[in-house]
Amino acid sequence: MAKIIGGITTSHIPAIGIAMDRGLEDTDYWRDFFAGYPPVREWLNEQQPDIAIVFYNDHGLEMFLDKKPTFALGCAPQYENADEGWGIATIPPVTGETELSWHIANELIEHDFDPTICQDIKVDHGLTVPLSLMYPGHKYQHLKVIPVCINCERHPMPKPSRCYAFGQAIGRAVESFAGDQKVVVFGTGGLSHQLDGERAGFINADFDNECMDKLVSDPQALTKYSNDDLIEIGGAQAVELNMWLAMRGCLLGKVREVRRNYVAPISNTGAGMQLLINE
Amino acid sequence: MAKIIGGITTSHIPAIGIAMDRGLEDTDYWRDFFAGYPPVREWLNEQQPDIAIVFYNDHGLEMFLDKKPTFALGCAPQYENADEGWGIATIPPVTGETELSWHIANELIEHDFDPTICQDIKVDHGLTVPLSLMYPGHKYQHLKVIPVCINCERHPMPKPSRCYAFGQAIGRAVESFAGDQKVVVFGTGGLSHQLDGERAGFINADFDNECMDKLVSDPQALTKYSNDDLIEIGGAQAVELNMWLAMRGCLLGKVREVRRNYVAPISNTGAGMQLLINE
Amino acid sequence: MSSSDKKEIPGTYKFDGPMATKGYGLNKMCFTFNSAEGREAFKADEAAYCDKFGLTPAQKEAVLKRDIISLLREGGSIYYLAKFAGILGLNVQDVGGLQTGMTTEEFKAYLDSQGRGKHNG
Amino acid sequence: MSSSDKKEIPGTYKFDGPMATKGYGLNKMCFTFNSAEGREAFKADEAAYCDKFGLTPAQKEAVLKRDIISLLREGGSIYYLAKFAGILGLNVQDVGGLQTGMTTEEFKAYLDSQGRGKHNG
Ligand SMILES: [Fe+3]
Ligand SMILES: [Fe+3]
């Protein structure tokens with residue numbers, strides 16, 4: 001049986017990718033943020049997972065409003081990145097994994113989830129920045145990636161409780177897959193931030209830290225929030241917590257937090273990072 | 001409150017549209033098929049519904065395998081038809097209805113369905129043939145149409161039970177809409193047929209008639225089938241029964257069948273038609 | 001009870017995930033036959049058009065031979081293959097005949113043999 | 001308890017269905033700014049490019065004036081407007097400043113005022 005060895009939460013904002021491209025990791029602005037990642041990279045290097053399931057949202061590269069999935073599951077052999085319009089460098093293609101992807105698709109449909117199933121999609125910074133963070137120098141091509149995209153851009157958006165249940169269904173699907181692959185899950189984005197309106201710039205560091213605590217010990221508590229609650233408490237884009245909840249849903253075992261970092265502001269956000277072991 | 005006045009099931013095969021374009025309705029081949037429709041057209045003319053929710057599947061015009069929804073909900077002000085590659089004439093644009101569409105979207109997401117939500121999609125013969133059948137001469141532009149597309153082309157496909165539940169959720173959403181619109185629902189496609197493989201040409205008229213009986217009196221019985229069951233009993237494309245089940249799910253009241261027609265073969269299919277009143 | 005427990009049904013090619021992976025280029029090519037440009041480009045040079053979409057040798061050979069059963073085995077979806085059949089001027093009865101080893105008339109007779117409800121047919 | 005029971009949050013423009021209907025042309029235009037061709041075509045003739053996507057007069061005026069708040073009110077999604085901001089050479093702090101009536105430096109100071117966990121920042 002394939003095994004989910006752990007989960008990683010991380011910010012995915014474009015500014016991170018741009019900072020890495022420019023070699024700014026050790027500047028005053030970025031030092032504390034990047035200081036969180038070497039232990040996670042070491043863990044990945046020790047564990048050598050075969051597959052990463054990455055929960056991300058598409059910020060307007062592939063999933064346009066014409067035909068916008070609530071949940072989208074990648075089943076492609078490869079994923080290209082592309083120009084997003086405001087200057088982040090594109091990264092080399094990401095390797096896909098079709099067999100486990102299709103198995104997850106079958107199990108999701110069997111258990112009354114309704115994902116859009118994708119054999120050819122471009123992935124944006126929501127997925128590529130975390131990969132670049134975990135594998136600097138774009139050394140991620142040995143890793144097979146399954147992108148899972150959650151609508152965080154247009155209301156109605158899937159509820160936190162639904163995203164958590166979606167993650168649980170994916171976790172169970174992985175555990176029922178006939179293989180011995182080691183799988184890691186990434187929950188990307190967040191935490192509190194608001195990009196739009198006169199309320200732009202709002203950050204709630206207390207809430208972010210509470211979310212990180214609860215994500216370890218009591219994720220169900222977070223599923224009680226509505227998306228409107230998240231917007232009120234954490235800003236309009238705090239709904240990206242849904243990707244963290246989906247990741248956490250995948251971890252069906254006993255969860256132990258072995259690393260955490262939190263820095264705010266990074267760009268306009270509270271930037272959290274956690275490494276959770278699934279025992 | 002908006003009200004669902006009834007449901008109509010009908011075949012949507014391209015041959016029907018082509019026969020209408022060529023004026024073949026009164027030929028030996030087509031006479032019995034088209035004889036079923038005048039009473040339904042009269043009912044529509046008497047009732048003057050404001051909105052039609054049309055359950056259809058996309059046979060490869062818009063929902064390509066690159067990014068293929070399990071369920072897709074149209075929320076656009078208009079829908080274009082286009083060339084499908086094998087000669088059916090395109091029809092004039094179909095009028096959409098955004099307000100009820102968004103209300104349905106909100107309610108579906110609230111109740112843990114995960115549709116892909118579409119502000120701009122082309123609709124294929126699965127939707128246009130039924131409209132042409134109900135409103136000959138393309139006299140459908142006064143009617144506001146909400147397309148709802150169900151994956152019937154690539155496995156995994158949503159289960160019959162899920163399609164029925166999806167229809168129920170849409171029915172409840174319509175009934176909670178603050179308006180006094182009269183809504184009719186179309187379940188299109190089917191019934192037994194198989195287009196592909198050495199088993200091509202398989203039809204099961206007994207099964208089709210049983211489905212039509214059960215659709216009125218005991219739709220739950222039909223939700224016990226898996227898609228694999230439908231393929232075995234009714235042929236590879238009998239999964240289009242799922243659109244009929246979704247339609248039936250919308251009818252939350254007491255259902256009375258007032259018209260039925262069944263002719264086989266029409267092209268490669270068993271062609272059924274029912275008019276169900278929702279009391 | 002999982003949907004991945006497959007029922008094998010003779011003469012039926014279930015277009016599932018692995019088949020869709022195998023047939024992606026083939027179906028993508030046929031998807032372009034929705035447009036007149038795609039159809040004309042194919043007709044102008046069939047082999048080159050197949051290569052443009054990365055068809056495998058088996059897929060390309062089946063396209064050139066109009067071998068529908070082989071195309072299904074190589075991951076073709078009947079809905080996209082129907083657009084290929086459209087280029088060839090074949091309707092669904094012709095395609096049924098090709099797949100079952102019948103003439104179109106024989107195939108229609110087979111359909112009729114299962115019929116019901118036609119008084120004038 | 002339905003998701004259509006809206007919470008009004010001051011200074012926040014919830015991009016929901018009706019807003020997405022209103023802003024469709026505007027967002028579709030901004031979606032083309034993913035590509036260099038789209039960005040160049042816009043820069044070559046801003047007004048004509050707006051017309052090509054059927055922008056309303058209010059949307060077009062807000063584009064020409066770089067009025068982000070009006071664009072949000074007219075159905076712009078911040079994710080597509082970000083691509084417009086990219087053309088203008090503005091980053092998310094610049095856009096934050098424009099929306100809140102602050103300079104970029106003031107906006108950054110506001111962000112910092114809510115900060116945590118930076119020892120060297
Ligand atoms: Fe994001
Ligand atoms: Fe059909």
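The values are calculated or read from the model by the stated rules, or taken from the named source; none is laboratory data. Source: prediction; values computed, not measured. So basically every Cβ, Gly included, is an ideal-geometry build from the backbone, and we count neighbours across all protein chains shown. Keep in mind that these areas ignore ligands, DNA and RNA; they rest on the heavy atoms of the full protein, side chains included. Shrake-Rupley method; radii C 1.70, N 1.55, O 1.52, S 1.80 Å.
Taking the mean number of other Cβ atoms within 10 Å as a proxy for protection, how do you rank C:21-28, B:184-191 from highest to lowest?
Details: C:21-28: 22.2, B:184-191: 28.6.
Highest to lowest by the protection proxy: B:184-191, C:21-28.
Of B:N227, B:N209, B:N242, the residue with the greatest mean-square motion in the GNM of chain B, using alpha carbon springs below 10 Å, is B:N209. Over the residues of chain B, the helix contribution to mean residue ellipticity at 222 nm works out to -10000 deg cm²/dmol, using -39500 (n - 2.57) for each DSSP H run of at least 4. These residues, A:R259, B:R162, go from largest to smallest accessible area, 1.4 Å probe, as A:R259, B:R162.
How well do other chains shield peptide A:190-196, expressed as the mean number of their Cβ atoms within 10 Å of each residue Cβ?
Values: counts 0, 0, 1, 2, 6, 9, 18.
What the average comes to for A:190-196 is 5.
Could you give the semi-axes, largest first, of the ellipsoid that matches chain D, computed as the square roots of 5 times the alpha carbon gyration tensor eigenvalues and rounded to whole Å? Walk me through the numbers before you get to the answer.
Numbers: eigenvalues 146, 89, 30 Å².
Equivalent-ellipsoid dimensions as semi-axes: 27, 21, 12 Å.
Considering only the Cα atoms of chain A, their convex hull presents on average a projected area of 13.1 nm².
With only Cα atoms counted, the stretch C:16-65 has Rg and Dmax values of 10.7, 32 Å. Using a probe radius of 1.4 angstrom, the carbon and sulfur fraction of the accessible surface of the protein assembly as shown is 50%.
Provide the net charge surrounding B:P219, with neighbours chosen by a C-beta distance below 11 Å and charges set as Lys +1, Arg +1, Asp -1, Glu -1. Once all neighbours under 11 Å are counted, the net charge is +1. Spatially, the stretch A:242-279 and the stretch D:10-33 are offset by 31 Å when compared through their Cα centroids.
Computed packing ranks the peptides B:173-180, A:13-20, B:14-21 as A:13-20, B:14-21, B:173-180, most packed first, by mean other Cβ atoms within 10 Å. Each listed q (0.07, 0.09 Å⁻¹) maps to a log10 I(q)/I(0) for the protein assembly as shown, found by the Debye formula over equal Cα scatterers with no solvent: -0.52, -0.86. When peptides C:104-112, C:44-52, B:80-88 are ranked by their average number of other Cβ atoms within 10 Å per residue, the highest-first order is B:80-88, C:104-112, C:44-52.
Translational diffusion of the stretch A:1-143 was estimated from the Stokes-Einstein equation, with Rh taken as the Kirkwood radius over Cα pairs; at 20 °C and 1.002 mPa s the coefficient is 130 µm²/s.
How charged is the neighbourhood of C:G11? Take every other residue with its Cβ under 14 Å from the Cβ of C:G11, and add Lys/Arg as +1 and Asp/Glu as -1. Kindly include the intermediate steps, with their values, before the conclusion.
Numbers: positive: B:R199, C:K7, C:K14, C:R73; negative: B:D196, B:E198, B:E232, C:E8.
In short, 0.
If contacts are Cα pairs under 8 angstrom and at least 6 residues apart, what is the relative contact order of the stretch D:43-121 in percent? Could you put the intermediate results ahead of the total?
Values: 38 pairs, mean separation 12.3, N = 79.
For the stretch D:43-121, the relative contact order is 16 percent.
Distance from the C-alpha centroid of the stretch B:1-73 to that of the stretch D:56-121: 48 Å, rounded to the whole angstrom.
Using a 10 Å cut-off around each Cβ of peptide A:31-39, what is the average number of partner chain Cβ atoms that fall inside? Please report the intermediate quantities before stating the final value.
Numbers: counts 4, 5, 3, 0, 2, 1, 0, 0, 0.
Mean number of neighbouring Cβ atoms from other chains: 2.
For peptide D:84-92, the mean count of partner chain Cβ atoms within 10 Å of a residue's Cβ comes to 4. If you plug the beta carbon distance of B:D218 and C:A36 into 1/(1 + (r/R0)^6) with R0 = 60 Å, you get a FRET efficiency near 0.80.
Give me the percent relative contact order of the stretch B:147-279, please, defined on Cα pairs under 8 angstrom at least 6 residues apart. Don't skip to the end; give the middle numbers.
Values: 230 pairs, mean separation 46.2, N = 133.
Relative contact order comes out at 35 percent.
Pairs exceeding 28 Å between alpha-carbon atoms, taken from D:K22/D:K43; A:K68/D:K7; B:K254/C:K7; A:K67/C:K22: B:K254/C:K7.
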